[in-house]
Amino acid sequence: MSIKRAKYIRLTLSYLVLMVAIAIVVYPVLWVVGSSLNPGNSLSSSTIIPTNATLDHYKKLFAETEYLTWYWNTLKICFCTMVLSVIFIGLTGYAFSRYRFIGRKNGLMTFLILQMIPQFVAILAIYILANQVGLLDTHLALILVYVGGSIPMNTWLAKGYYDTIPKELDESARIDGAGHFRIFWQIILPLSKPILAVIALFTFIGPFGDFILASILISSDEKQTLAVGLFNMISNKFGNNFTLFAAGSVLVAIPIGLLFLSLQRFFISGLTAGGTKG
């Protein structure tokens, strides 16, 4: 087989794999969008391309439910989680990457072990702790839990990226009289925008899809998140409204999509460099 023919075959197979992957991702999305436009409440009569498309479900979502309240609660939690996570993870990853101190290796190993344990395993301990400190049924409790859960995995990701930044930059700035924080703020931070953008997106998306922690820690209807509110639409045995649920799910993608588009120029370098062995 000639080199040109082998290259053509490999290219064809690559495109086939990409097309299959795209179909796997896009197909359920099209079904959700189609279901949100289908009349009625059941998915059994829905089609991916509705014959009598209607926007009644979207109108009903805003007029007859607390969807806007759920949306605002979720956005507030996601934004606070993202900001605090970027700050804490940026500083923690930088400390583990640049400094040598007692317990450094054990700390990294602890983070590695903690990221293997899902948060809902400790849901009982989290509930008792939130109750004892008076944070039960508050958004602050959710934010603190989400931020704490994001630190172990993303610290490793940030540390791997910081390791790729030459330490000679730190040494040159230190010779010129710069302190630790100034080195981090003026030299390292501008160079670490790609990995911080990746961490920002990951930590922003997380609370949108969480149902277990939000349903356990939040009990008031006016403080519910989107995941809990939308689940209640289909949890009623006698009043399931799957098409309304589909309409709410479609609108969830708007802030995530906007954040992705605004940060996408950083993602490729951030994900690849962050995977460097540290």
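Here is a list: Met82, Met109. Which entry is in contact (Cβ under 8 Å) with a residue 24 or more places away in the chain and of a type outside the set (Gly, Ala, Ser)?
Numbers: Met109 fails: in contact (Cβ under 8 Å) with a residue 24 or more places away in the chain.
That would be Met82, the only listed residue that is in contact (Cβ under 8 Å) with a residue 24 or more places away in the chain and of a type outside the set (Gly, Ala, Ser).
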Output for Cβ contacts, cut-off 7 Å, separation at least six or different chains, first residue of a type in the set (Phe, Trp, Tyr) and at pLDDT 80 or above in the range 25-49, second in a loop (DSSP other than H, G, I, E, B) and surrounded by fewer than 15 Cβ atoms within 10 Å (Cβ to Cβ), reads Trp31/Ile48
Checked the range 88-109 for anything part of a helix (DSSP H, G or I) and open to solvent by 70 Å² or more (accessible area, probe 1.4 Å); matches are Phe88, Leu91, Lys105, Asn106, Met109
Determine which single condition Ile212 fails, assuming it passes every other condition in (1) touching a Phe, Trp or Tyr at 6+ places or on another chain (Cβ under 8 Å); (2) among the hydrophobic types (A, V, I, L, M, F, W, C); (3) open to solvent by less than 60 Å² (accessible area, probe 1.4 Å).
-> (3)
Which condition number in (1) within 26 Å of Asp221 (Cβ to Cβ); (2) open to solvent by less than 90 Å² (accessible area, probe 1.4 Å); (3) in a helix (DSSP H, G or I) is the one that Phe79 fails?
-> (2)
List every residue pair whose Cβ atoms lie under 7 Å apart, where the two residues are 6 or more positions apart in sequence or sit on different chains, the first residue falls within the range 243-268 and is under 16 Å from Trp72 (Cα atoms), and the second residue, located anywhere, is open to solvent by 60 Å² or more (accessible area, probe 1.4 Å) and not acidic (Asp, Glu).
-> Ile256/Ile205
Residue list for the range 182-240, filter: free of Cβ contacts under 8 Å to residues at least 24 places away in the same chain, among the small types (Gly, Ala, Ser) and not in a helix (DSSP H, G or I) | Gly239
Among (1) assigned to a helix (DSSP H, G or I); (2) among the hydrophobic types (A, V, I, L, M, F, W, C); (3) closer than 30 Å to Ile183 by Cα, the one test that Ile22 misses = (3)
Filtered residue count, the range 194-207, keeping only those that are within 15 Å of Ala158 (Cα to Cα) and open to solvent by less than 60 Å² (accessible area, probe 1.4 Å) | 9
What are the pairs, 6+ residues apart or on separate chains, where a residue within the range 140-152 that is over 24 Å from Met109 (Cβ atoms) has its Cβ under 6 Å from a residue that is surrounded by 20 or more Cβ atoms within 10 Å (Cβ to Cβ)?
-> Ala141/Ala130; Ala141/Leu217; Leu142/Ile77; Leu142/Leu217; Ile143/Ile77; Ile143/Thr81
Output for the range 124-150, where each listed residue is hydrophobic (A, V, I, L, M, F, W, C), open to solvent by 40 Å² or more (accessible area, probe 1.4 Å) and assigned to a helix (DSSP H, G or I) = Leu124, Ala125, Ile128, Leu129, Leu140, Leu144
Selected residue (criterion: nearest to Phe266 (Cα to Cα)) from residues of the range 172-193 that are in contact with a helix residue (DSSP H, G or I) (Cβ under 9 Å, 6 or more places away or on another chain) and open to solvent by 100 Å² or more (accessible area, probe 1.4 Å) = Lys193
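Based on what the data block shows, is Leu13 part of a helix (DSSP H, G or I), farther than 30 Å from Ala246 by Cα and open to solvent by 80 Å² or more (accessible area, probe 1.4 Å)? If you could, list the steps in order and put the result at the bottom.
On the way: part of a helix (DSSP H, G or I): yes; farther than 30 Å from Ala246 by Cα: yes; open to solvent by 80 Å² or more (accessible area, probe 1.4 Å): yes.
Answer is yes for this residue.
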Sole exception among (1) closer than 18 Å to Gly229 by Cβ; (2) outside any helix (DSSP H, G or I); (3) open to solvent by 90 Å² or more (accessible area, probe 1.4 Å) for Asn41, by number = (3)
Being modelled with pLDDT of 85 or more and β-branched (Val, Ile, Thr) is the filter here, so list the residues in the range 241-272 that pass it.
-> Val250, Val252, Ile254, Ile256
Scan the range 151-164 for residues that are of a type in the set (Val, Ile, Thr) and open to solvent by 10 Å² or more (accessible area, probe 1.4 Å) and report the count.
-> 2
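The values are calculated or read from the model by the stated rules, or taken from the named source; none is laboratory data. Keep in mind that this is a model prediction, so the values were computed, not measured. Cβ atoms come from the backbone with ideal geometry, glycine included; neighbour counts cover every protein chain shown. For the accessible areas, the whole protein counts, side chains as well, though only heavy atoms, and no ligand, DNA or RNA atoms are used. Shrake-Rupley method; radii C 1.70, N 1.55, O 1.52, S 1.80 Å.
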